[in-house]
Structures are given as structure tokens and as C-alpha cells.
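K.L.:
I'd like to ask you about the structure that follows.
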Amino acid sequence: MKRRSRLVIAVLAVLGLGLVLRAPLPYFVEQPGTLIGLAPRVQISGYDDKLNGEVMFGTVNVRTATLWSAIGAGFDPHAQVIRRERLIPQGQGSAAFFAQQRAEFTLSSHLAAAVGMRAAGLPVDPDVLHGEGALVLRVQPGGPAEGRLQAGDVILRLNQQRVHTEPEFTTALTQAQWDPLTFTVQRDTRRLTVHVAPAADRTGQPSIGVFVSTFRPRVALPAPIQVDVDRVGGPSAGLAIALTVFDVVASEDLVAGRTIVVTGSIDPDGTVGPIGGVALKAVAAARAGVDRLLVPMAQLAEARDAAGPDLPIVGVRTFDDAVAALRAKTRRHAAARALSVGKPSLPPTPDSRSHSLPILGVVRRG
């Protein structure tokens, strides 16, 4: 009997330990992710040409930490354990945060396509943004909108004024000043009318305590574009998408048969911006054995520290910088091929790696 009791206690102890080790913690574990190719995923209406090569971008794997995974991350020099609040703002749920990240990816894709098409000579203005409402990202605890609006609501009207984008919402809210506000809101499958009275914020200005972004943002493009990438959020693929679109639309073979891995956000004026996760994506580049790493100039030192001495890394500030870097390599590659015509094959030299030119950009979501 005692032996059976001890066995039961031992089994329960093991089960209890397993539950403790796998219980979710208020932390995330970040690790180097995969490289995603855009050639089969970017479709532009009216342009059937495919890339002569591949353009890829890097990702960061993010998962909820458990005690077990946090212990494992402690033994992995390329894993990071971060508090939940560093990734998801306090008061915002995970679902709303990741919806925001997907919205950022969608907007970044359209901005990137606009930058690439404009560089290829098509008429497009990346600064003109369209949307279908203002998406509530989070509601300030204790604020006027608490209990009335909630994360995930889509604001369609404010005091009978149609709202398409976050700037339109901000303008309408500013014009209303201290007047009582009436919102038309889409919540799941229901359309609701919500009333909120503004209150003074810390500066004494009227506020309702909500944070919003444009719902389903897009730029009016001369040729519709579809980017088939699931479960990826944030603007980190912007530069890669812009280069892909430029190559397909322009009468120029920019990729030139190479595998180019690139990551970086893109602004409407073509500025390449830094994003988090640069070290993890540099590690992914080094592991993949790429020949060159293209990063935002502001993160060049961090990328070099993470990737080690064997990976050549170039920083760029603008879309034009990136195009110029690829054109320079294309010319060098073409010259090398021309010189080799009619000559016997030679063993590879240290510089011959650059002819395949996989490039990894390093910026995050995110």
C-alpha cells in the first residue's frame, strides 16, 4: 500500500513539474526566424514577368515563454527573453496587437509597391493613403472611452462624419473639441452607436483615451498588387517588396539571377528605416551562408557584431542606395563573366562568393 502511495505521489509530482515548466509566463522568447522568398508571393496585375532570381527577407520567431523555454533560451546565445510589455503595449490584447502588426505589413506592402513603381516610372503617390475606418488598438484604462469602445472596434463615423483613415479620425476629433461624441462602430458582425464625452488629458486638452490606426490601409496603385505572406507582421519586408516590384515593373534585370535577401522598412520618400530584431536576422543570414548582408545604415554596427567577421555587410539609407548597390554588383558580375569567355575554368577565389550575392536586410516587424 505504501509503495503504491509513493508511486502515485511520484507521478503527481512529475505531472505537476511538467505543468509548472510549461505554464505560460508574461514574457516572449525571440529567436532568428526563416528567410521568406518573395518571387512566388508577389503578384502584380498586368505584369507576368517573373524575377530572374530571388528576393528574400528575414523574420524573427516570437512565441510565449514558458519556464522550460526560458531556461532553454538561457543556453542559446541567439535567443532573447523579453517582457511582454516590451512587445505589446500595456492595455492592448495579443489579438489586437497582432492585428495591428498585420495592418502594418499591409500598409508597408502598399507603400513599398508605390516606391518601387514610382522608381520604375509609373505614376503613383505613396503619400496618398486610403482606408476603411479607424481601428481601435487599445483603450486607456480609466479613460472616457473605457467600457464604451474596445480594442478591435472599427470606427466608421464620428459625429456623422465619415472616417476612412487614422489622420481623418484625428482631424475630426480635434475639430470636435469638447463636444459630446457619437461614434458609429463596427464590432465583429454588429454595427453600434457609441457615445463618449471627452475629458482633459495631462496637458489639459480634450481626449477620449484611445489609440487607433488606419483599418485596411492601402495606397492607390496604377497596378494592383497581392503579397501572399501569412503570419508575418510589421513593416520589415518593405525594402524587399519595393526592390521586387521595381525589378518586375522596370525594364531592368536588377536581381540578375542572384538570391538577394533584404529586410528594411521603407518610407514614402524611399528612406530605409531601422526596426528591431536586427541582431537575430543577422544571425539568420550568417547561418544561411549568404554572401552579403544589406541593412539600414543606422544598424550597421549592430548587424556586424551579431553576424561575425565572415559576412560582408553593407548599410543603406535609401531605396536608391539599395538599387545602386545591386546595380554595382550586377555590372561587376557581368564583367567577370565577359572576361571568363574562352578561358579555362579557374578555381574559386575569395571574391567569387559575391557573384551569387544573397543579401539579408536586418530590421524587424517589428
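A short reminder: the numbers here are calculations on the coordinates, not readings from a lab. On a predicted model such as this, the values are computed, not experimentally measured, just so you know. For neighbour counting, all protein chains shown are included, and Cβ atoms are generated from backbone atoms with ideal geometry for every residue, glycine included.
K.L.:
Amide H to amide H under 5 Å from residue 313: which residues, 5+ apart in sequence or cross-chain, H placed 1.01 Å off N in plane?
P.N.:
Amide H neighbours of residue 313, under 5 Å, 5+ apart: 293.
K.L.:
How far apart, in nanometres, would the label points at residue 317 and residue 182 be if each is projected 7 angstrom from Cα along the Cα-to-Cβ direction?
P.N.:
My value for the distance between the label points is 5.2 nm.
K.L.:
Let me ask another. Arrange the following residues from fewest to most other Cβ atoms within 10 Å of their Cβ: 246, 57.
P.N.:
246, 57
K.L.:
Mind jotting down the distance between the C-alpha centroids of the range 138-163 and the range 81-102, whole Å?
P.N.:
19
K.L.:
Same structure again: If packing is taken as the average count of other Cβ atoms within 10 Å, what order do 42-49, 230-237 fall into, highest mean first?
P.N.:
Values: 42-49: 13.8, 230-237: 21.1.
Highest to lowest by the protection proxy: 230-237, 42-49.
K.L.:
Just the number, please: percent antiparallel of the DSSP beta bridges in the range 132-215, rounded to the nearest 5. Working shown, then result.
P.N.:
Values: 22 of 23 bridges.
The antiparallel proportion sits near 95 percent.
K.L.:
Can you compute the modelled spin-label distance between residue 75 and residue 228, with each label point 7 Å from Cα toward Cβ, in nm?
P.N.:
My value for the distance between the label points is 4.0 nm.
K.L.:
Another question, if that's okay. To make sure I understand, if each residue's beta carbon is the centre and we count other beta carbons within 10 Å, what order do 130, 78, 195 fall in, fewest to most? Please report the intermediate quantities before stating the final value.
P.N.:
Details: 130 13, 78 16, 195 9.
Ranking 130, 78, 195 by Cβ neighbours within 10 Å, fewest first, gives 195, 130, 78.
K.L.:
Around residue 26, with a cut-off of 10 angstrom between Cβ atoms, what is the net charge of the other residues, counting Lys and Arg +1 and Asp and Glu -1?
P.N.:
Details: positive: 83, 84; negative: 85.
It works out to a net charge of +1.
K.L.:
Continuing with this model, one more query. When a footprinting reagent is the concern and you count Cβ atoms within 10 Å, what order do 239, 254 take, fewest first? Walk me through the numbers on the way to the answer.
P.N.:
Numbers: 239 32, 254 22.
Fewest-to-most ranking of 239, 254: 254, 239.
K.L.:
Once you have all Cα-Cα distances for the range 132-215, histogram them in 5 Å bins from zero and send the whole-percent values.
P.N.:
For the range 132-215, the pair-distance distribution reads 3, 17, 29, 31, 16, 4, 1, 0.
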